[in-house]
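To start, I am sharing the structure in question, which I have written as structure tokens.
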Amino acid sequence: MRKIQFLFISLVLLSSTAGAQNASSFKLLDTVDHDTSYFTQGLEVSDGLMFESAGGYGESRVRKYRPDGDTTILEQPIADEFFAEGLTVFDGELYLLTWQKGTAFVIDPVDLEIRREYAYEGEGWGLASNGMQLIMSDGSDTIYFRNPETFKVEREIQVRSGPHSVRRINELEFAQGFIWANIWHAPVIVKINPSTGNVTDYYDFSELVSKHSAGNDESVLNGIAYDANQKAFWVTGKLWSKRYLVKFE
Ligand SMILES: [Ca+2]
């Protein structure tokens, strides 16, 4: 019940504030299969390959495959004590957060082996990159910009929709000059101005969520990756059977 209430509040919050009065529209371009064993935490397209992380203790792993299908090319487990979270590519390497262990792994995209690691304070949720910095969420309304060589926080923004803070910012993507974000347990994707933290648009995915979330409260919308070849975004959810290519308008 608490989650339904939160969902309601988040929609009211987003729809009632200046700058994001109504949901913006998106076009559904393609639908492909998605591995229903993947509790999707991070989704990223790089050099024509899709990289995905799955969470869960003893179930965390990273895999790569082609964006147009779901045949895994390579998969590597993450050690049992870590709960894998956001995943992104920076300068030809994968960066993977873990939820509550304060450890970020740097992974070789060729063999998916861990090359080195960083320590950070607080929780790790979503991760993206603007090509210069890593962009990270921690489940609050704050988005951190970190130096990829030191993992130090260089800047932070607070996500706002009008006067309201937007919390539970989860999986992230940076594309077309904006941050795109999932919000944990809300059926929406928000478009965020990376300078101000202001939500400029939001997109209602409740129709897809209702198809995939039946019977499992935690099968939430999560996973957004910009596909430069398609000039569109792949979106999915935790344990979803499908992944969708969408164009935001
Ligand atoms: Ca992403």
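The values are calculated or read from the model by the stated rules, or taken from the named source; none is laboratory data. These figures come from a predicted structure and were not determined experimentally. Cβ sites come from the backbone with ideal geometry, for glycine too, and all protein chains shown count toward neighbours. All accessible areas refer to the heavy atoms of the entire protein, side chains included, with ligands and DNA or RNA removed. Shrake-Rupley method; radii C 1.70, N 1.55, O 1.52, S 1.80 Å.
Per DSSP H run of at least 4 residues, take -39500 (n - 2.57); add these up for the chain, divide by its residues and hand me the 222 nm value, nearest 500 deg cm²/dmol. Present the calculation step by step, with values, prior to reporting the outcome.
On the way: 2 runs with 21 residues, N = 249.
That comes out to -2500 deg cm²/dmol.
So, R0 is 30 Å and r is the distance between the beta-carbons of Asp30 and Val106; what FRET efficiency does that work out to, to 0.05?
Values: r = 31 Å, r/R0 = 1.05.
Computed FRET efficiency for Asp30 and Val106: 0.45.
Return the Cα extents of the stretch 2-248 along principal axes one, two and three, sorted largest first, each rounded to a whole Å.
Principal axes ranked by extent give 46, 38, 36 Å for the Cα atoms.
Could you please report the charge total around Ile189, scoring K, R as +1 and D, E as -1 over all other residues with beta-carbon less than 10 angstrom from its beta-carbon?
Details: positive: Lys191; negative: Glu171, Glu173, Asp201, Asp204.
That sum, taken over residues with Cβ under 10 Å, equals -3.
State the percentage of accessible surface on the chain attributable to carbon and sulfur atoms; use a 1.4 Å probe and exclude ligands, DNA and RNA. All intermediate terms of the calculation are to be shown ahead of the outcome.
Working: 5250 of 10700 Å².
Carbon and sulfur: 49 percent of the exposed surface of the chain.
Measure out, as a whole number of angstrom, how far apart the alpha-carbon centroids of the stretch 128-159 and the stretch 170-218 sit.
Here the two parts' Cα centres lie 17 Å apart.
Another question, if that's okay. Which value in nm describes the separation of the simple spin-label points at Ile114 and Gln176, placed 7 Å from the Cα toward the beta carbon?
In this crude label model, Ile114 to Gln176 measures out at 3.6 nm.
Another question, if that's okay. What dipole magnitude, in Debye to the nearest 20, does the chain give about its Cα centre under +1 on Lys/Arg Cβ and -1 on Asp/Glu Cβ? Display every interim value, and only then the final one.
Values: 23 positive and 35 negative charges, 157 e Å.
The dipole of the chain has a size of about 760 debye.
Moving on. For Cα pairs less than 8 Å apart in space and 6+ apart in sequence, what is the mean separation divided by the residue count of the chain, i.e. the relative contact order in percent?
Values: 692 pairs, mean separation 50.8, N = 249.
Dividing the mean separation by the residue count of the chain yields 20 percent.
Exceeding 27 Å between C-alpha atoms, which entries from my cross-link table qualify? They are Lys191/Lys231; Lys152/Lys231; Lys64/Lys242; Lys27/Lys242; Lys27/Lys101.
Lys152/Lys231; Lys27/Lys101
For Asn198, what charge total do you get from the other residues with a beta carbon under 11 Å from its beta carbon, if Lys and Arg give +1 and Asp and Glu give -1?
Numbers: positive: Arg160, Lys191; negative: Asp201.
Residues close to Asn198 contribute a combined charge of +1.
Within 10 Å of each candidate Cβ there may be at most 13 other Cβ atoms; applying that plus a DSSP loop requirement, which GluC sites (Glu not before Pro) in the stretch 58-167 survive? Each step should come with its number before you reach the end.
On the way: sites: Glu59, Glu75, Glu81, Glu85, Glu93, Glu113, Glu117, Glu121, Glu123, Glu149, Glu154, Glu156; in loops: Glu59, Glu81, Glu113, Glu121, Glu123, Glu149.
In loop regions of the stretch 58-167 (DSSP not H, G, I, E or B), the sparsely surrounded GluC sites (Glu not before Pro) are Glu81, Glu113, Glu121, Glu149.
Please give, to one decimal in nm, the separation of the simple spin-label points placed at Phe151 and Ser206, each 7 Å out from Cα toward the Cβ.
Calculated label separation equals 4.0 nm.
With every protein chain kept in place and ligands, DNA and RNA left out, what is the accessible area per residue of the chain? Probe 1.4 Å, answer in Å².
On the way: 10700 Å² over 249 residues.
Solvent-accessible surface per residue comes out at 43 Å².
Considering the dipole of the chain built from charges on the beta carbon (Lys and Arg +1, Asp and Glu -1) around the Cα centre, which of Pro109, Tyr202, Ala225 is farthest to its positive end?
Most positive-ward Cα: Tyr202.
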